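> Just dropping this structure here.
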Amino acid sequence: MADDLKELKIELSKNGIFTTTLEELYNWGRKNSVWPLTFGLACCAIEMIATTMARYDLARFGAEVFRPSPRQADLIIVSGTVTKKMAPQVVRLYNQMPEPKYVIAMGACAISGGPFRDGYNVLKGIDRYIPVDVHIPGCPPRPEALIHAFMTLQKKIEEQALAGENRPRHLRADLPSEFEVPEFGEHGLEPPANPELFPALPGNPLKVLQ
Amino acid sequence: MSDLLNAEEVKAQIEAGVPGSHVTVIPNGSPSGQHSLLLDNEHAFAVASFLRDHPALRLDYCSLVTGVDWLDTETTEKIRVKKVVDGVETEAEETRKTKVPGYLEAVYHLFSIEKKHGPVILRMRTANRTGQTQLPSLTPVWRSCEFQEREAFDLYGIVFVGHPDLRRILMWDGFADFPMRKDYHPPADGVPVAEVHA
């Protein structure tokens, strides 16, 4: 929005007139109704549950409704260790979510494999197969950290453009909304990472948020 | 531990009760002194049934099955040999290396719910680590062995002959390795970290 329009808007609001743009209104609505998927993997999920309860009250951010079906969810919080045996199911759940969809990788395991990184059975970070929007370190992260990640996500949703070069993935017909589900191989998952997504370079158009 | 479950005592009972069986006591030097009994594979099933049904022992519950991987080892010993050097007989020291083949081991911890005593620890060893990794399954004797023998099969590659449903339990079907073996190396899952932030 041009600067003079912004000034006009401020001037009008001083006189009791509320103005907005379609983009602002749309993003305002979206960022305050991000419904996460009812989905937890390990101890981080316990912190996620605590975040939704009365003391931390994630409902303040419009995310009180955890949806039991990926078809109704906007956000998947990968909360905990992703084992190689579970990874295909996590990717499949992400694929089943409708656009626009977001991913928070919660905790050391989800972002990198954590203390199990050198083991035989743990995926070295879920960003190898699905595009992660916000990473939270911690083992497990406290509810405040999850709320911070959620607020970061909201801020990024608010800044999304609806038109133009930088419009997000869900508004571009040429970009996929589903990603390859890894297969069980003889020694590990095949492929070990999705080359379109990993390493997660900034500016990759497949990432919903930059 | 009561005298009844003394390792030597149990060994004597087994060898008297199961003709032809051979039991070796493997001492445990720690303060707990939980010595274990190494069974011969041929009679292991009969010995297990005997221990379960023995009226005084009544080891009716197997609480734990696990595997152990013992790698091939090499022992070196110094021996004195006589050599004839320039027509003079001299004594020289030589080092002799002996290869000891490794094996896989299954360990069973037995308790008695009825008599409220235990544990009695059984061991069985495979012939080697590569080709002959069969051991008799004790699942027909103790039902609780079923999943734990599957786990030992999954992670160590011990093939339990007579197991009713011997499949991998933690890793997926089609996985080729045995991750808890000492010579296992996990895949690098390498992805070149290219000029990420160049």
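The values are calculated or read from the model by the stated rules, or taken from the named source; none is laboratory data. Computed from a prediction, not measured in an experiment: that's the story for all the values here. When we count neighbours, we look across all protein chains shown, and the Cβ atoms used for this are built from the backbone with ideal geometry, even at glycine.
> Would you mind stating whether B:Phe175 is within 14 Å of chain A (Cβ to nearest Cβ), of a type in the set (A, V, I, L, M, F, W, C) and either buried (at least 20 other Cβ atoms within 10 Å of the Cβ) or free of Cβ contacts under 8 Å to residues at least 60 places away in the same chain (or both)? Please lay out each step first, then the result.
On the way: within 14 Å of chain A (Cβ to nearest Cβ): yes; of a type in the set (A, V, I, L, M, F, W, C): yes; either buried (at least 20 other Cβ atoms within 10 Å of the Cβ) or free of Cβ contacts under 8 Å to residues at least 60 places away in the same chain (or both): yes.
Answer is yes for this residue.
> Restricting to segment A:117-144, name every residue that is within 13 Å of A:Glu47 (Cα to Cα) and touching a Pro at 6+ places or on another chain (Cβ under 8 Å).
A:Cys139
> For segment B:1-100, list the strands (runs of 3 or more DSSP E) that sit wholly inside it and hold at least 3 residues that are surrounded by fewer than 15 Cβ atoms within 10 Å (Cβ to Cβ) and without any contact (Cβ under 8 Å) to a residue 24 or more places away in the chain; which are they? Reasoning before the result, please.
On the way: elements: B:23-26, B:36-39, B:61-70, B:73-85, B:88-100.
In segment B:1-100, B:73-85, B:88-100 are the strands (runs of 3 or more DSSP E) which contain 3 or more residues that are surrounded by fewer than 15 Cβ atoms within 10 Å (Cβ to Cβ) and without any contact (Cβ under 8 Å) to a residue 24 or more places away in the chain.
> Please find, among B:Leu155, B:Leu166, B:Leu135, the residue that is within 13 Å of chain A (Cβ to nearest Cβ) and under 30 Å from B:Ile113 (Cα atoms).
On the way: B:Leu166 fails: within 13 Å of chain A (Cβ to nearest Cβ); B:Leu135 fails: within 13 Å of chain A (Cβ to nearest Cβ).
Sole residue among the options that is within 13 Å of chain A (Cβ to nearest Cβ) and under 30 Å from B:Ile113 (Cα atoms): B:Leu155.
> While we're looking at this one, here's another question. If a residue has to be of a type in the set (A, V, I, L, M, F, W, C) and modelled with pLDDT under 90 to count, how many in segment B:93-126 make the cut?
Of all residues in segment B:93-126, those of a type in the set (A, V, I, L, M, F, W, C) come to B:100, B:104, B:106-107, B:110-111, B:113, B:120-122, B:124.
This time we only want the ones that are modelled with pLDDT under 90, so: B:100.
Total satisfying the criteria: 1.
> Something else: Across segment B:116-133, which residue is surrounded by the fewest Cβ atoms within 10 Å (Cβ to Cβ) among those that are among the charged types (D, E, K, R) and in a loop (DSSP other than H, G, I, E, B)?
B:Lys116
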